[in-house]
Amino acid sequence: MGEVRKVQKKLRQIENLEIKASLTKEERDKISRKEELRSRLAELLLQLSAPQRDQGIVGDEKEKMKRRVKDDSEILVSRPPPTKVLKEGSEKRTGQEKEDTHETETQDYPSRVQIDTRLKSLRASWEGSKFRLRLLEGHNDLVTCVVAVDNMVVSGSRDTTVKVWHVPTATEQRNLGGHSGGVTCLFAPLPEYCRRLARSLSLNEKERFVISGSVDCTVRIWALSTGLCVKSIYTFNAVSTLCFVPEGEGFIVTGSDGGKVEVWSWDSMQNCQSVKAHEDSVTTLQSQGPLVFSGSADGGVSVWEVHHSSPAPLQILHRWSSCVTGCGSPNEAHVGQLALSPRGDRVFLADGKANLKILNWRTGSVSRLANHSTVAGVTDCVSQTAGILIGSCFDLATGDSTLNLFSLPQCEYLVSLTCHEYPRILCFAAWLTPSGGHRWVTGGRVLTVWEQLPTSTKQRGDVTAKRNIQLEACSVESDPGSEEDDDDDMDNYISQDAPANDEEPNSSWLRCALQ
């Protein structure tokens with residue numbers, strides 16, 4: 001496993017280097033080794049999964065390796081389902097133990113049958129479903145954030161623009177120019193708060209707004225019907241993420257690259273509170289009712305409660321370090337672009353590795369959910385929509401991008417949608433169409449709308465949902481500790497010509513993007 005980890009880490013770092021706006025000669029030389037490293041990683045993974053078949057494979061047989069990796073992925077789909085795996089803690093019992101628990105098991109049995117029946121039905125409804133992918137072309141650089149508003153998609157980019165797209169026709173409606181630096185984050189307030197702002201500005205009450213944040217230290221509020229910036233806030237810090245809290249008068253919460261979290265009044269746009277929340281960059285902010293969840297590049301997660309009548313609205317409830325979340329390790333200064341999605345007492349975490357983490361934010365207990373069948377996966381996004389948990393995954397060995405679907409609240413694997421040799425998915429948004437179909441948008445090097453098809457007809461380029469037997473055999477398991485690589489003997493794979501304050505090898509992809 002030692003060489004696998006080394007090659008895997010080098011490929012992770014190359015992926016982040018490729019996102020940077022400018023590269024040194026040494027960094028370009030390292031990127032040029034990507035295909036060689038991919039072939040080597042694919043060879044090592046095949047040897048680990050089936051050593052008896054792979055003894056004769058050599059690293060320079062690149063095309064042969066690609067074919068075998070794809071063949072293996074097809075075999076995974078065609079194999080029959082495995083026998084049911086006992087979940088953690090459900091051990092076989094004998095003798096008196098069985099008699100003592102017989103009554104309890106009899107009472108619980110119907111509920112388990114009902115859950116299994118619903119899961120089978122849900123999996124059957126997804127398996128074989130098809131999605132049509134449409135590119136939204138117009139940005140000149142990396143797409144860093146996306147949000148859905150009605151029939152529109154709003155995207156932000158390193159090219160400093162915010163664009164509004166009409167999804168049914170896949171056309172650009174408006175180009176919102178005004179930021180002088182890369183756009184890092186977007187958020188769409190609830191309609192009731194849009195109506196209130198519209199009335200204060202003497203605009204139509206049906207007006208919808210979107211909030212954008214940028215490294216130019218500003219937050220801007222845009223009217224989507226006109227494309228005009230109606231409000232702006234100067235934050236004195238580069239804005240790395242933001243969210244909207246629909247409590248009381250409403251609040252905009254922003255995060256900075258230096259770990260600061262700030263609160264701004266929706267009515268007055270004045271600063272209400274500024275607090276040093278994390279030791280490293282705040283990479284994600286999400287709200288759930290009166291709660292705000294912040295995640296940092298250092299792997300820490302904080303939970304806040306909003307008291308809208310207080311002069312300092314944000315009150316800390318829990319603070320969990322990387323030692324608890326398992327995101328990051330003592331050998332790394334950064335975990336990367338930590339993303340999170342809260343649901344009740346749980347927070348789903350994506351930290352750039354092969355697994356999703358599930359943190360109980362009240363107790364600090366952490367579980368792992370497999371999001372890739374090997375260690376070569378990179379998970380950048382996690383989201384929820386209509387009772388489905390969706391995790392993105394990029395395969396370092398093949399260059400394929402996948403969206404994995406899990407049922408909620410059980411977190412049972414359903415299906416996967418894989419695009420071969422598709423760019424890494426760095427941002428994601430999901431919503432339902434009026435007819436109940438799923439519509440998603442993904443961003444990164446390309447901006448793409450995924451439209452669920454109502455029929456089984458398929459065109460070239462459509463993506464079909466299939467089962468990955470290896471993921472299906474995995475269940476949620478408690479996290480025994482960090483899944484980080486043993487990197488003590490790893491050389492720094494970032495250019496030695498870079499300034500002293502350049503990022504660590506596993507720093508946030510967003511930092512790399514905005515350098």
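Considering only residues that are within 18 Å of Val7 (Cα to Cα) and not acidic (Asp, Glu), look in the stretch 394-407 and name the one that is most open to solvent (accessible area, probe 1.4 Å).
Among residues in the stretch 394-407 that are within 18 Å of Val7 (Cα to Cα) and not acidic (Asp, Glu), the one most open to solvent (accessible area, probe 1.4 Å) is Thr398.
Answer with yes or no whether Gly377 is free of Cβ contacts under 8 Å to residues at least 40 places away in the same chain, buried (at least 17 other Cβ atoms within 10 Å of the Cβ) and within 15 Å of the chain's Cα centre (by Cα).
Considered against the rule, which asks whether it is free of Cβ contacts under 8 Å to residues at least 40 places away in the same chain, buried (at least 17 other Cβ atoms within 10 Å of the Cβ) and within 15 Å of the chain's Cα centre (by Cα), Gly377 comes out as yes.
Being touching a Ser or Thr at 6+ places or on another chain (Cβ under 6 Å), under 20 Å from Arg445 (Cα atoms) and not polar (S, T, N, Q) is true for just one of Glu15, Glu27, Glu35. Which residue is that?
Exactly one of Glu15, Glu27, Glu35 is touching a Ser or Thr at 6+ places or on another chain (Cβ under 6 Å), under 20 Å from Arg445 (Cα atoms) and not polar (S, T, N, Q), namely Glu27.
Please specify each residue of the stretch 143-163 satisfying the condition of being among the polar types (S, T, N, Q), farther than 13 Å from Leu176 by Cβ and touching a Cys at 6+ places or on another chain (Cβ under 8 Å).
Thr144
Here's a check for you: in the stretch 185-225, which residue that is of a type in the set (Ser, Thr, Tyr) and in contact (Cβ under 8 Å) with a residue 24 or more places away in the chain is surrounded by the most Cβ atoms within 10 Å (Cβ to Cβ)?
Out of the qualifying residues, it is Ser212.
Can you give me the number of residues within the stretch 167-177 that are modelled with pLDDT under 95 and either open to solvent by less than 50 Å² (accessible area, probe 1.4 Å) or within 19 Å of the chain's Cα centre (by Cα) (or both)?
Final tally of qualifying residues: 2.
Val301 passes all but one of (1) closer than 27 Å to Gly177 by Cβ; (2) crowded, with 17+ Cβ neighbours inside 10 Å; which number fails?
The failed condition is (1).
Yes/no matrix, rows are residues, columns are (1) under 23 Å from the mean Cα position of the chain (by Cα); (2) modelled with pLDDT of 70 or more:
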position	(1), (2)
Leu432	yes, yes
Ser435	no, yes
Asp502	no, no
Pro505	yes, no
Gln515	yes, no
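Show the residue pairs that are 6+ apart or on different chains and have beta-carbon atoms under 7 Å apart, the first residue being within the stretch 11-26 and open to solvent by less than 20 Å² (accessible area, probe 1.4 Å), the second being of a type in the set (Phe, Trp, Tyr).
Here the result reads Gln13/Tyr493; Asn16/Trp509; Ile19/Trp509, each pair linking the stretch 11-26 to a residue that is of a type in the set (Phe, Trp, Tyr).
With buried (at least 24 other Cβ atoms within 10 Å of the Cβ), out of contact with any helix residue (DSSP H, G or I) (no Cβ under 7 Å at 6 or more places or on another chain) and polar (S, T, N, Q) as the only criterion, which of Thr241, Thr235 stands out?
From the options Thr241, Thr235, the qualifying one is Thr241.
Given the conditions (1) over 25 Å from the mean Cα position of the chain (by Cα); (2) more than 19 Å from Val449 (Cβ to Cβ); (3) surrounded by fewer than 19 Cβ atoms within 10 Å (Cβ to Cβ), which single one is not true for Gly181?
(1)
Looking at the structure I just gave you, is Cys229 at pLDDT 95 or above and on the phi > 0 side of the Ramachandran plot?
No.
Considering only the stretch 322-345, I want to know if a residue exists there that is open to solvent by less than 10 Å² (accessible area, probe 1.4 Å) and in contact with a Pro (Cβ under 7 Å, 6 or more places away or on another chain).
no
Could you look through the stretch 27-59, keep only residues that are surrounded by 11 or more Cβ atoms within 10 Å (Cβ to Cβ) and not in a helix (DSSP H, G or I), and pick out the one that is modelled with the highest pLDDT?
If we take residues in the stretch 27-59 being surrounded by 11 or more Cβ atoms within 10 Å (Cβ to Cβ) and not in a helix (DSSP H, G or I), then Arg33 is modelled with the highest pLDDT.
Do you know which of the residues in the stretch 249-272 that are of a type in the set (S, T, N, Q) and open to solvent by 30 Å² or more (accessible area, probe 1.4 Å) is farthest from Tyr193 (Cα to Cα)?
Asn271
Do any residues in the stretch 401-417 that are closer than 11 Å to Thr464 by Cα have Cβ atoms under 6 Å from those of residues that are open to solvent by 20 Å² or more (accessible area, probe 1.4 Å) and outside any strand (DSSP E or B), where the two are at least six apart or on different chains, and which pairs are they?
Val415/Glu127; Val415/Arg467; Ser416/Asn468
Hey, can you tell me all the residues within the stretch 137-166 that are over 18 Å from Trp440 (Cβ atoms), open to solvent by less than 30 Å² (accessible area, probe 1.4 Å) and in contact with a helix residue (DSSP H, G or I) (Cβ under 7 Å, 6 or more places away or on another chain)?
Leu142
Conditions: (1) surrounded by fewer than 20 Cβ atoms within 10 Å (Cβ to Cβ); (2) closer than 30 Å to Glu279 by Cβ. Glu421 meets all but one. Number of the miss?
With respect to (1) surrounded by fewer than 20 Cβ atoms within 10 Å (Cβ to Cβ); (2) closer than 30 Å to Glu279 by Cβ, Glu421 is out only on (2).
The values are calculated or read from the model by the stated rules, or taken from the named source; none is laboratory data. Because the structure is predicted, anything quoted here is derived from the model rather than measured. Every residue, glycine as well, gets a Cβ built from its backbone with ideal geometry; the counts of neighbours run over all protein chains shown. Please note that ligands, DNA and RNA were not included when accessible areas were found on the heavy atoms of the full protein model with its side chains. Shrake-Rupley method; radii C 1.70, N 1.55, O 1.52, S 1.80 Å.
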